[in-house]
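A quick write-up on the structure given underneath.
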Amino acid sequence: MKNYLRGALLAALLLLGSFREMFEEEESRMKRQILAALLAVLGAAAGLAICPPGAGAQAKGVDAEGHAWWQHAVFYEIYPRSFADSNNDGVGDLKGITSKLDYLKELGVNAIWITPCFPSPQVDFGYDVSDYEAIDPMYGTMEDFDRLVAEGKKRDIRVILDFVVNHTSDQHKWFIDSRSSKTSAYRDWYIWRDGKGPGQPPNNWLSTFGTAAWTFDPKTGQYYYHYFYPQQPDLNWRNPAVEKAMLDVTRFWYKHGVAGFRLDAVDTLYEDPNLTDNPVVAGKDKFGRPNMDEKYNKKLPEVHEAMRKLRSVADEYGSVLIGETWTTNVDQLKDYYGAKNDELQMPMDLMMTGFKGLSAAEYRKHIAAVNAAGHWPVYVITNHDIVRSYTRYGDGIHNDDIAKIMAALYLTLRGSAIMYYGEEIGMENNDPKRKEDVEDPEGKLGWPLEIGRDGERTPMQWDHSANAGFSKAKPWLPVPLSAHTHNVADEINDPDSVLSFYRKLLAMRHTETALLDGDYVSLNEGNPNVLTYVRRYKGEAILVILNMSAAEQKVPFELSGAGFLAPKVEVLLTSFHKPLKGMFAELPMEPYSVFIARVTK
Ligand code: NOJ
């Protein structure tokens, strides 16, 4: 009989006062579990015993398990256009970010990843860099950047920059020179080829943003390659001069105190030199073009050599490399750590972002596969290219509860965590309703099937005043109506808000050794609605129960699978709306709810 069924049956027998005769051995075990349940209830009634936000944040060095700073750090992605606007021009800036460091510190953030803030024509909002070693005036000056790093240091908040390794802007001096003549010293810094014939590009590769991947340049009569917009020509990483220049860029910023890089679009760094056509496969993409298997312009083995070189420079500075690694399975992800752990320390696991809805079984399976792969996980649930998780999973009724589940999930699993600004207050997507309102070129081109990424990039909601306290000027993207209820100022005073939940959760994550260093044991594996697991460290453990369904679920305190036969349970955090009352053998989990407890033997 399944353990939980047996537990339920035994509890019923206890109520009838007759089970002592039946299973003597089971009796005392079940009694202890029921006592544990009772203790849990008492814990919940007495209030949550957790530490103040930000307390004890792991900042430096290597711990008893040999974990480095970045393994325990909580990273926080900032889209600088949208975080805080200090000069009231409608676009965020570096001084704005600096002014919010105390907020981030109290939230429990250890490092900020700023998406590109370098000079750029802003065709792709900074992912088209025209100078890698400067700050775009729209965001401030190099002095502002240095001050941000210094102020961050005072608060143990490191700064990670976004390095766009695959391509530059077409306004970068390298490309301007490259396109000027076939004999330019920079010609071979990009990928130039003759067409197959008049009006025919060199091959069938497509840009992910909806155009061809080749643009004809009449001046020299050749095509150049761009996996993204035509204004983002791909660099030729096979040219050693390119590689050297790019490694030098990282040195430049390490000397300015950055703690690492998020490497953009690493999957597309190399292309097949023979330009073999990609196989066409069934179906159409969101731009109505035939689907392709991008085997000749994505994830080529050469990318690993480049990662190793970037890593060896990072190691000189004790820095971390985070990869934008879009993978379809755990084996692909594994490759990015490097055969000798000498590539990316943190290749992002973006696979969860593709999960449809909340399925305990799907998460359980994925987490097991990632753990089996043996590396340090980096689960990501949302970012500036993906519909916000609040919107993706919200059912319109339990949205805040679901946001708390998602937070509890990835912030209590093994691994480094990367948050996305506004996630902690339950920010939702604010998608454009009309094509003429779209800012993201991808949305302009793909409307209405592909509406672009504006919706997930709207201004941070600081309070419920005009423009959500982001700016005194009209922001570059509109603030949603939900800013009236979901904003920092109001949520900070509401103990049940998404923000309060995040603050408690992050404080716990920083102080509970089991969450930092513990192993992971999955429990109640057959349950399709509830994800249950324990993080264990030397006799201590944190139990996490997530009800991912809209119905109440009864969950047994059955922890023998994790080695706890008679656990003592102390509730640390729940998202329950009603206090637990009574005595029971199974925990009644409210619809879409979180239960986190410390268990000891
Ligand atoms: C990935 C970035 O996250 C995205 O915003 C950008 O458009 C592309 N890379 C191209 O740089």
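The values are calculated or read from the model by the stated rules, or taken from the named source; none is laboratory data. These figures come from a predicted structure and were not determined experimentally. Cβ sites come from the backbone with ideal geometry, for glycine too, and all protein chains shown count toward neighbours. The accessibility values were calculated without ligands, DNA or RNA, using every heavy atom of the protein model including side chains. Shrake-Rupley method; radii C 1.70, N 1.55, O 1.52, S 1.80 Å.
With respect to the stated conditions, GLY288 fails to be in contact (Cβ under 8 Å) with a residue 60 or more places away in the chain and within 30 Å of VAL149 (Cα to Cα).
Would it be correct to say that ALA245 is among the aliphatic types (A, V, I, L, M) and farther than 17 Å from ILE176 by Cβ? Spelling it out, it is not the case that ALA245 is among the aliphatic types (A, V, I, L, M) and farther than 17 Å from ILE176 by Cβ.
The residues in the range 254-281 that are more than 20 Å from TRP205 (Cα to Cα), touching a residue at least 60 places away in the same chain (Cβ under 8 Å) and more than 21 Å from the chain's Cα centre (by Cα) can be counted, and the count is 3. Cβ-Cβ contacts under 7 Å between residues 6 or more apart (or on different chains), taken from a first residue in the range 313-336 that is more than 17 Å from GLY415 (Cβ to Cβ) and in a loop (DSSP other than H, G, I, E, B) to a second residue that is open to solvent by less than 20 Å² (accessible area, probe 1.4 Å) and within 15 Å of the ligand (Cβ to nearest atom), are listed as TRP326/ASP267; TRP326/LEU350.
Taking the criterion of being open to solvent by 20 Å² or more (accessible area, probe 1.4 Å), part of a loop (DSSP other than H, G, I, E, B) and either touching a strand residue (DSSP E or B) at 6+ places or on another chain (Cβ under 6 Å) or under 30 Å from VAL74 (Cα atoms) (or both), would at least one residue in the range 262-271 satisfy it? No. Filtering the range 406-449 to residues that are open to solvent by 50 Å² or more (accessible area, probe 1.4 Å), over 21 Å from GLY126 (Cα atoms) and not basic (Lys, Arg) leaves GLU428, GLU436, TRP447, PRO448, LEU449. Cβ-Cβ below 8 Å, separation at least six or inter-chain, first residue in the range 203-218 and more than 8 Å from TYR229 (Cα to Cα), second part of a strand (DSSP E or B) and among the polar types (S, T, N, Q): which pairs? Short answer, once both residue conditions are applied: PHE216/GLN222. Filtered by the rule that a residue be under 25 Å from the mean Cα position of the chain (by Cα) and closer than 15 Å to TRP174 by Cβ, the range 227-245 gives a lone residue, GLN232. Take the conditions (1) away from the ligand (no atom under 15 Å from the Cβ); (2) buried (at least 21 other Cβ atoms within 10 Å of the Cβ); (3) under 30 Å from TYR227 (Cα atoms); VAL109 misses just one of them, which is (3).
Once the range 383-401 is narrowed to residues that are farther than 21 Å from ILE78 by Cβ and among the small types (Gly, Ala, Ser), the residue that is farthest from the chain's Cα centre (by Cα) is GLY396. Contact map, the range 155-168: residues that are over 20 Å from GLY257 (Cα atoms) paired with residues that are within 8 Å of the ligand (Cβ to nearest atom) and not hydrophobic (A, V, I, L, M, F, W, C), Cβ distance under 6 Å, separation 6+ or inter-chain. Pairs shown: HIS167/GLN232. Put simply, of THR211, THR220, THR168 the only residue that is more than 16 Å from the ligand (Cβ to nearest atom) and surrounded by 14 or more Cβ atoms within 10 Å (Cβ to Cβ) is THR220.
Do we find that GLY283 is in a strand (DSSP E or B) and away from the ligand (no atom under 16 Å from the Cβ) in this structure? Talk me through it step by step, then tell me what you get.
Numbers: in a strand (DSSP E or B): yes; away from the ligand (no atom under 16 Å from the Cβ): yes.
Answer is yes for this residue.
Might you let me know whether the range 365-387 holds any residue that is of a type in the set (Ser, Thr, Tyr), within 30 Å of MET548 (Cα to Cα), in contact with a helix residue (DSSP H, G or I) (Cβ under 7 Å, 6 or more places away or on another chain) and not in a loop (DSSP other than H, G, I, E, B)? Spell out the reasoning first.
As a first pass, look at the range 365-387 and keep what is of a type in the set (Ser, Thr, Tyr): 379, 382.
Still in the list and also within 30 Å of MET548 (Cα to Cα): 379, 382.
Those left that are additionally in contact with a helix residue (DSSP H, G or I) (Cβ under 7 Å, 6 or more places away or on another chain): 379, 382.
Those still in the list that are not in a loop (DSSP other than H, G, I, E, B) too: 379.
Yes, because at least one residue in the range 365-387 is of a type in the set (Ser, Thr, Tyr), within 30 Å of MET548 (Cα to Cα), in contact with a helix residue (DSSP H, G or I) (Cβ under 7 Å, 6 or more places away or on another chain) and not in a loop (DSSP other than H, G, I, E, B).
For the range 127-165, a tally of residues being within 16 Å of the ligand (Cβ to nearest atom) and of a type outside the set (Asp, Glu) returns 9. Look at (1) among the polar types (S, T, N, Q); (2) more than 16 Å from the ligand (Cβ to nearest atom); (3) buried (at least 19 other Cβ atoms within 10 Å of the Cβ) and you find that ASN297 fails only one, number (2).
When the range 542-574 is limited to residues that are among the polar types (S, T, N, Q), open to solvent by 10 Å² or more (accessible area, probe 1.4 Å) and in contact with a strand residue (DSSP E or B) (Cβ under 7 Å, 6 or more places away or on another chain), the one that is nearest to ALA514 (Cα to Cα) turns out to be THR574.
Residue-by-condition table, conditions (1) within 22 Å of THR276 (Cβ to Cβ); (2) among the acidic types (Asp, Glu); (3) under 28 Å from the mean Cα position of the chain (by Cα); (4) open to solvent by 30 Å² or more (accessible area, probe 1.4 Å):
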{"site": "PRO121", "(1), (2), (3), (4)": "no, no, yes, yes"}
{"site": "TYR132", "(1), (2), (3), (4)": "no, no, yes, no"}
{"site": "ILE135", "(1), (2), (3), (4)": "no, no, yes, no"}
{"site": "ILE157", "(1), (2), (3), (4)": "no, no, yes, no"}
{"site": "ILE176", "(1), (2), (3), (4)": "no, no, no, yes"}
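Checking each residue in the range 352-384 for being among the aliphatic types (A, V, I, L, M) and within 16 Å of the ligand (Cβ to nearest atom) picks out VAL378, VAL380, ILE381.
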